[in-house]
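Below is one structure, written out as structure tokens; the observations come after it.
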Amino acid sequence: MNEPINVVRLRPPDDIDDPLTDVLRAGARRLLVQAVELEAEAFLAGMQELRLPDGRARLVRHGHGPERPIQTGIGAVGVSRVKIRDRGAASDDERVRFSSAILPKWSRRTRSLDALLPVLYLRGVSTGDFQEALTALLGKDAPNLSPSVISRLTAEWQAEYARWQTRDLSARRYVYVWADGVYLQARMENQAECMLVLIGATPEGRKELVGFQAGVRESAQSWRELLVEVKRHGLAVAPELAIGDGALGFWKAVEEIYPGTRHQRCWVHKTANVLNKVPKSIQAPMKDDLREVHGAPTRAAAEAAITVFNEKYGAKYPKAVTCLTKDREALLTFFDFPAEHWDHLRTSNPIESVFATVRHRTVRTKGSLSPTTARLMVFKLVMAASKTWRRLKGENQLPKVVAGVTFRDGTEVLDRTSDRAA
């Protein structure tokens, strides 16, 4: 009689037992199956009028396709596609076909994963390391995300970027626009190229990417080409206000293309420029004095703070004082707009915050990005980030700005002439 042999299976070192993930994946599979089934039933219900000559339904269920794994944020979820048969079609051209919007025929992963890939790249993960990184995120069974697939996705991003560049803007209106040129440590060939970015605020208070392209430095010609392209695609109405740093190229170009747009200099850039002209020991108190200017409740208080700044630092640090006063008017334009918008209008940080991740990526790779790759990756990152951009505060004031209502020190100026006449 043979003695029973007890075999104890040893868990592989990289096999992690995670009951919670297993439960989530099982629940996701059930929900996905139910959603696909309900979608098929709704399709059949909407086609009830299609009948065969003998009165039977023309469209009927025809089983399921083979199960395939769909890569999601919690790993692979297996699901089968519902098949529907058209029994009355005389030819393929007349055949009524069912295509699931939830589970497209050739889908292998969720769209959120496609958005994850450029973010991984910009976070410092090379395409050759994607498989390892995604295995750690999604589990060891994560097909359809190999380096070759990443390369094909890059081609898709190129097509998406080309479509976005030629989109119709005739129905768009932007009350405010933020402009900035961001330099990357990429392989920009022999010329010092930078990314020119234009973000706009709609009358509903949403921020959108308006223009994006690579330019030669921040020259007036590069900005002119971007603004001309935007205007050529339908953006004929000039924004009420443009916010940017002291790059002369943008301001010269916007005066030519949109002469009615007012100028607001970015206080973050201006503060940095002023502080760079004094010793470090003076920078902390000087920064507080500059905050008294852009944080003033009224234009008169801001003007008084600038006068105090001149008296305090003019003798010892004339360069810092000149740097501040030469853009005096453009720095205080925000006082002529609603106070609820001041936090948005005093800085071009909506662009700077997005590009902090891009700069991190190019530093980590020691400038390994080519111009084309850098442009596509930055475009994908900005488009992904745009979904989380916060709306403008005081959006109810935007229609007033569009209508030309006058604001003084952030408050609407009411017309008392008609009251006196009455």
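Can you divide the C-alpha Rg of the range 176-402 by 2.2 N^0.38 Å and report the result to two decimal places? Display every interim value, and only then the final one.
Working: Rg = 18.3 Å, N = 227, 2.2 N^0.38 = 17.3 Å.
That ratio works out to 1.06.
Protection proxy ranking, highest mean first, for peptides 289-299, 275-285: 289-299, 275-285, where packing is the per-residue count of other beta-carbon atoms within 10 Å, averaged. Counting beta carbons within 10 Å around each of GLU37, GLU225 and listing the fewest first gives the order GLU37, GLU225. Straight-distance candidates among the lysines for linking to LYS83, with alpha-carbon spacing under 25 Å and chain neighbours fewer than 8 residues away dropped: LYS105.
How high is the relative contact order of the range 176-402, in percent, counting Cα pairs under 8 Å that sit 6 or more residues apart?
Working: 330 pairs, mean separation 62.1, N = 227.
With pairs under 8 Å counted, the relative contact order is 27 percent.
Here's how it looks for THR347: its modeled amide H is under 5 Å from those of TRP267, which are all 5 or more places away or on a different chain.
Compactness ratio of the range 213-326: Cα Rg over 2.2 N^0.38 Å, N = residue count? Could you put the intermediate results ahead of the total?
On the way: Rg = 17.1 Å, N = 114, 2.2 N^0.38 = 13.3 Å.
With N residues counted in the range 213-326, Rg over 2.2 N^0.38 Å equals 1.29.
Using the count of nearby Cβ atoms within 10 Å as a rough guide to exposure, how do CYS194, CYS266, CYS323 rank from fewest to most?
Values: CYS194 21, CYS266 26, CYS323 18.
So the residues, fewest neighbours to most, are CYS323, CYS194, CYS266.
What is the distance in Å between the Cα centres of the range 372-409 and the range 202-253? That distance is 13 Å.
Computed from the coordinates by the stated procedures, all read-outs in this text should not be read as laboratory data. Keep in mind that this is a model prediction, so the values were computed, not measured. Cβ atoms come from the backbone with ideal geometry, glycine included; neighbour counts cover every protein chain shown.
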